[in-house]
Amino acid sequence: MKLASLKHGRDGSLVVVSNDLAWCADAAHIAPTLQAALDDWDRLLPDLRNLAIDLEHETIPMRRFHEHAAAAPLPRAYQWADGSAYVNHVALVRQARGAEMPESFWHDPLMYQGGSDGFLGARDPIPLADESWGCDLEAEVVVVTGDVPMGASRDVALAAVRLVGLTNDVSLRNLIPGELAKGFGFFQSKPASAFSPVFVTPDALGAWWQDGKLHRKLMIDINDQPFGRVDAAVDMTFDFGTLIAHAAKTRALGAGTIIGSGTVSNRDADGGPGKSIADGGVGYACLAELRTVETIRSGAPVTPFLKSGDKVRIWAEDDKHHAIFGVIEQSVG
């Protein structure tokens, strides 16, 4: 089942979307918003599934689903916590900042709590007031949970996953070092994130969702040129069950909590840093990694961060090359 929120007020209007993303059906008679559905998931899920079946059979009123009319599936959420499941990415970015990589990072997940009072839709522009801030994309997988009790085990945490989707977790790289130097974490350097037009239930992903990982490639283009074709299931040190359990170690998580994987990052076949697509690799999911590799190879980064007018596309495909979650397509500025 695929769910989306059409732009309407602060929290959108919940719709069920057809598997091919062509059509949608109003779900307001079941739940007015996605958050309302998540709050009463067990009771409402059968009705939502029946609506999805009727939509596929074209037995109910339906309308065209336009991705540009979609807000983030959760236009605002009670909680947004982003992990760093791909430790290869963490190691490379820290290397670029000249920061030491503690060995514990391979065993204890990193996680920060981001702003969740307003997310961008998949086709909304990336606001950027100053190009000197170093605007970067970060292509990630996200999950939305139901209620998770404090101290939940990995298996209990994984069972709480209700939906899976994608995000562009924008970073302002040149603001990060100064903020982290204060010892209190990200704030100004992490503006609003954008989410895929639809979120998908794990059962609808079938074999693509196994062991708390999305077994698909994330496709990333910048200015219509292939930038990344990274596999979300490869080099993922911490699966989503582990990430959710980490977040719930000292407090319960409420229904509608969004947990991010962190930037998807693949090593090269020889175990070293990833290579660009032009060099025969799978590319990258953020500019910071490419700039780090450039620094390793030549002593300084060459590729600039995003500037006004640049365009970013992020999506994941099924076996017929159709977008599973729709497409995040944003211009800067």
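Data table
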read-out: Subset of the stretch 1-47 [part of a loop (DSSP other than H, G, I, E, B), touching a residue at least 40 places away in the same chain (Cβ under 8 Å) and either of a type in the set (A, V, I, L, M) or open to solvent by less than 30 Å² (accessible area, probe 1.4 Å) (or both)]; value: MET1, GLY12, SER18, LEU21, ALA22
read-out: Subset of the stretch 170-189 that is out of contact with any Cys (no Cβ under 9 Å at 6 or more places or on another chain) and assigned to a loop (DSSP other than H, G, I, E, B) - its residue that is surrounded by the fewest Cβ atoms within 10 Å (Cβ to Cβ); value: GLY183
read-out: Of all residues in the stretch 241-289 being of a type in the set (Val, Ile, Thr) and surrounded by 24 or more Cβ atoms within 10 Å (Cβ to Cβ), the one that is farthest from the chain's Cα centre (by Cα); value: ILE244
read-out: Sole exception among (1) of a type outside the set (Asp, Glu); (2) out of contact with any Pro (no Cβ under 7 Å at 6 or more places or on another chain); (3) surrounded by 15 or more Cβ atoms within 10 Å (Cβ to Cβ); (4) at pLDDT below 95 for SER84, by number; value: (2)
read-out: Selection within the stretch 137-160 - more than 26 Å from TYR284 (Cβ to Cβ), touching a residue at least 40 places away in the same chain (Cβ under 8 Å) and open to solvent by 10 Å² or more (accessible area, probe 1.4 Å); value: ASP147, PRO149, MET150, GLY151, ALA152, SER153, ARG154, ASP155, VAL156, LEU158
read-out: Residue identified as part of a loop (DSSP other than H, G, I, E, B), out of contact with any His (no Cβ under 7 Å at 6 or more places or on another chain) and closer than 22 Å to SER171 by Cα among PRO73, PRO61; value: PRO73
read-out: Residue within the stretch 55-72 that is touching a helix residue (DSSP H, G or I) at 6+ places or on another chain (Cβ under 8 Å), open to solvent by 20 Å² or more (accessible area, probe 1.4 Å) and in contact (Cβ under 8 Å) with a residue 12 or more places away in the chain present; value: yes
read-out: Breaking point among (1) surrounded by fewer than 20 Cβ atoms within 10 Å (Cβ to Cβ); (2) at pLDDT 95 or above; (3) aliphatic (A, V, I, L, M), for VAL200; value: (1)
read-out: Total residues in the stretch 111-144, condition of a type outside the set (Gly, Ala, Ser) and over 17 Å from SER193 (Cβ atoms); value: 2
read-out: Criterion violated by PHE105 - all others in (1) closer than 23 Å to ASP203 by Cα; (2) in a helix (DSSP H, G or I) satisfied; value: (1)
read-out: Subset of the stretch 290-333 [of a type in the set (D, E, K, R), at pLDDT 95 or above and crowded, with 17+ Cβ neighbours inside 10 Å]; value: ASP310, ARG313, GLU329
read-out: Residue tally, condition surrounded by 20 or more Cβ atoms within 10 Å (Cβ to Cβ) and in contact with a Gly (Cβ under 7 Å, 6 or more places away or on another chain), over the stretch 110-125; value: 1
read-out: Every pair of residues 6+ apart whose Cβ atoms lie under 7 Å, when the first sits in the stretch 161-185 and is farther than 14 Å from TRP80 by Cβ and without any contact (Cβ under 8 Å) to a residue 40 or more places away in the chain while the second is in a helix (DSSP H, G or I) and among the aliphatic types (A, V, I, L, M); value: none
read-out: Qualifying position, being of a type outside the set (A, V, I, L, M), modelled with pLDDT of 95 or more, open to solvent by 10 Å² or more (accessible area, probe 1.4 Å) and closer than 21 Å to GLU289 by Cα, among GLU103, GLU131; value: GLU131
read-out: Pairs where the first residue, in the stretch 243-263, is farther than 26 Å from ALA194 by Cβ and the second is not in a loop (DSSP other than H, G, I, E, B), C-beta under 9 Å, 6+ apart; value: ALA245/VAL148; ALA245/ARG154; ALA245/ASP155; ALA245/VAL156; ALA245/ALA157; ALA245/LEU158; ALA252/VAL148
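Yes or no, residue by residue, for (1) of a type in the set (Gly, Ala, Ser); (2) more than 21 Å from ALA316 (Cα to Cα); (3) more than 21 Å from the chain's Cα centre (by Cα):
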{"position": "GLY9", "(1), (2), (3)": "yes, yes, yes"}
{"position": "GLY12", "(1), (2), (3)": "yes, yes, no"}
{"position": "ASP20", "(1), (2), (3)": "no, no, no"}
{"position": "ASP26", "(1), (2), (3)": "no, yes, yes"}
{"position": "HIS29", "(1), (2), (3)": "no, yes, yes"}
{"position": "LEU34", "(1), (2), (3)": "no, yes, no"}
{"position": "ASP40", "(1), (2), (3)": "no, yes, yes"}
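To keep it simple, each residue is scored yes or no on (1) farther than 21 Å from ASP318 by Cβ; (2) basic (Lys, Arg).
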{"residue": "ALA152", "(1), (2)": "yes, no"}
{"residue": "ASP155", "(1), (2)": "yes, no"}
{"residue": "LEU166", "(1), (2)": "no, no"}
{"residue": "ASP169", "(1), (2)": "yes, no"}
{"residue": "LEU172", "(1), (2)": "yes, no"}
{"residue": "LYS182", "(1), (2)": "yes, yes"}
{"residue": "GLN188", "(1), (2)": "yes, no"}
{"residue": "PHE195", "(1), (2)": "no, no"}
{"residue": "VAL200", "(1), (2)": "no, no"}
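The values are calculated or read from the model by the stated rules, or taken from the named source; none is laboratory data. Just so we're clear, the structure is a prediction, and the values are computed from it rather than from any experiment. Cβ sites come from the backbone with ideal geometry, for glycine too, and all protein chains shown count toward neighbours. Note: accessible area is taken over every heavy atom of the protein model, side chains too, but ligands, DNA and RNA are not part of it. Shrake-Rupley method; radii C 1.70, N 1.55, O 1.52, S 1.80 Å.
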